[in-house]
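Report on one structure; see the data block that follows.
All of the numbers you see were taken from the coordinates with simple rules; none came from a lab. Since the model is a prediction, treat every value here as computed from it, not as a measurement. Please note: Cβ atoms are built from the backbone with ideal geometry, for glycine as well, and neighbour counts cover all protein chains shown.
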Amino acid sequence: MGKAKRFNAYDSDVEQQRKLVKSYGQIRQANSVTAFRTMAKSAPTATNTDNEAVVITSSTVADNSITFAKIQDIDTMKVIGRTATGSGDSSEISILDEDDMVSDSAVALATQQSIKAYVNSPKTQALDMNGNQIQKVTTLFLNGDIDNANFIAGNTGGLDYNVDDTDEHHDFAVDNVAKLRIGNTAINAYVALDITGNLTTSGELILTGSALPTSTNTSITSYTGDMNYNALTNDSHYFRINGDVEVEIDADGVDIRNGWLELEERNEPAAPTTDHLRIYAQELSGKTRLMVRFPTGFSQQIAIEP
């Protein structure tokens, strides 16, 4: 019983000391907080790399507080900026070095080299100009071949169209159907040529028609190797020299004006078809005679040289 009493007395002494310490701490804390709260406030400050004091306000940062050293931790091929509309926080923006612009990014930048490479590279997609003009193009290469090229080029005399091989051609098409073809040796028209001016050629004008002329057109056609000259009703074919009519052919016959019909001696021709005859010149014993041959095969002399 006596031992337990000494223990309780000890506990009472320890509790009393604890209360004194707690009371002393509360007094010091109250005095310290009060003194701090009554101190005069000053604007927040910081120091730059030159250890100079700079003032930071609520809306601006002094120019000399932003230094290159403080932004050296930006990743390679990045810049600081903002791609979103309106104001807001800045962030790192990528700088891409892609010659083909494959990323097609709306929020990245491109290097000068990649832009040049993309512009100079052959294009595999159609260039949609939305109705605008392509200006100041000296030569437009097609198929990407600039050594032996298909190209369109402007010069002081006009516009040059070139294909790179003799077996190739230029096609002018409507609805993907060729209407006019210009090749190495010929110009082929697959529709009627409506010419209101002159048609001039330094070579041959070759016709390779596949049908007889129509009755509604004045035309020249080739058909099965024959040349066909067609005039409309009451019209004529005129053959002129120096603008003067020398021969007129119409539905009524052949009219030779200011000239003559000259025949050269030849062998006897074959008999003509029914309802036809052939007049020709033939030599007999050193003299020229005028002959006629009938469908029956019979020949008769019309006149002979005196």
Modelled FRET efficiency - R0 41 Å, Ala153 with Asn230, Cβ distances, 0.05 increments: 0.50
FRET efficiency estimate (nearest 0.05) - Cβ-Cβ, Thr139 to Val102, R0 22 angstrom: 0.20
Options Ile304, Pro272, Leu290, ranked by Cα towards positive dipole end of the stretch 262-306, top entry (Cβ charges): Pro272
Calculated FRET value between Ala192 and Phe298, using beta carbons and R₀ = 51 Å, to 0.05: 0.65
Stokes-Einstein D for the stretch 262-306, Kirkwood Rh over Cα pairs, 4 °C, 1.567 mPa s (µm²/s): 121 µm²/s
The stretch 215-306: GluC sites (Glu not before Pro) in DSSP coil with no more than 13 other Cβ atoms inside 10 Å: Glu262, Glu264
Label point distance in nm, Ala178-Ser121, each placed 7 Å from Cα along Cα→Cβ: 3.4 nm
